[in-house]
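Worksheet for the structure shown next.
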């Protein structure tokens, strides 16, 4: 599979991607949202969106950070597993509903929001919401471009 566009060679795309990456890095590095939760959420949204590149990135980042293969592999079936904390499960559910907005009339339900709010403070919920929006934007861009996954090395993006 070959990408449709060389986004890294295009000046406009390069500027936009740098802004998206910078915004993501602010959340990743400066928020109180646990890093594991961040990567689980980004992995799940990427799986739902069918983004091979981002699925590659976030599964490898989780493994590189010491997550077990069992946890990484079960993100796709998190509801049918017992390896995630209640807070992680709440974040994964919020990520799924936030990713499947077009599929679910009304978007994120009050019940899912309340469950997430029971596990995360307002600052963490803000970070989680921003992260879900940013990973969805990135997924859509890379899926449209058919950006292939498989070649990512942990730490490559910052």
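The values are calculated or read from the model by the stated rules, or taken from the named source; none is laboratory data. Being a predicted model, the structure only gives us computed values, none of them experimental. Neighbour counts run over all protein chains shown; Cβ positions are idealised from the backbone, glycine included.
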### Task
With respect to residue 132, determine if the residue is outside any helix (DSSP H, G or I) and within 27 Å of residue 22 (Cα to Cα).
no
### Query
Do we find that residue 105 is exposed (fewer than 14 other Cβ atoms within 10 Å of the Cβ) and under 22 Å from residue 130 (Cα atoms) in this structure?
yes
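Condition check ((1) surrounded by 14 or more Cβ atoms within 10 Å (Cβ to Cβ); (2) on the phi > 0 side of the Ramachandran plot; (3) modelled with pLDDT of 95 or more; (4) in a helix (DSSP H, G or I)) across all residues:
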{"position": "43", "(1), (2), (3), (4)": "yes, no, yes, yes"}
{"position": "84", "(1), (2), (3), (4)": "yes, no, yes, no"}
{"position": "95", "(1), (2), (3), (4)": "yes, no, yes, yes"}
{"position": "101", "(1), (2), (3), (4)": "no, no, no, no"}
{"position": "112", "(1), (2), (3), (4)": "yes, no, yes, yes"}
{"position": "115", "(1), (2), (3), (4)": "yes, no, yes, yes"}
{"position": "125", "(1), (2), (3), (4)": "yes, no, yes, yes"}
{"position": "128", "(1), (2), (3), (4)": "yes, no, yes, yes"}
#### Entry: Selection from the range 130-158 of residues that are more than 15 Å from the chain's Cα centre (by Cα), farther than 11 Å from residue 53 by Cα and at pLDDT 95 or above
144
### Task
Report, by residue number, each residue of the range 95-114 that is within 17 Å of the chain's Cα centre (by Cα) and free of Cβ contacts under 8 Å to residues at least 40 places away in the same chain.
97, 101, 108
### Task
From (1) farther than 11 Å from residue 45 by Cβ; (2) assigned to a helix (DSSP H, G or I), pick out the condition that doesn't hold for residue 138.
(1)
### Query
Can we say residue 69 is under 14 Å from residue 127 (Cβ atoms) and at pLDDT 95 or above?
no
### Message
Looking at the range 12-26 only, could you name the residues that are within 14 Å of residue 157 (Cα to Cα) and in contact with a helix residue (DSSP H, G or I) (Cβ under 8 Å, 6 or more places away or on another chain)?
### Response
14, 17, 20, 23, 24
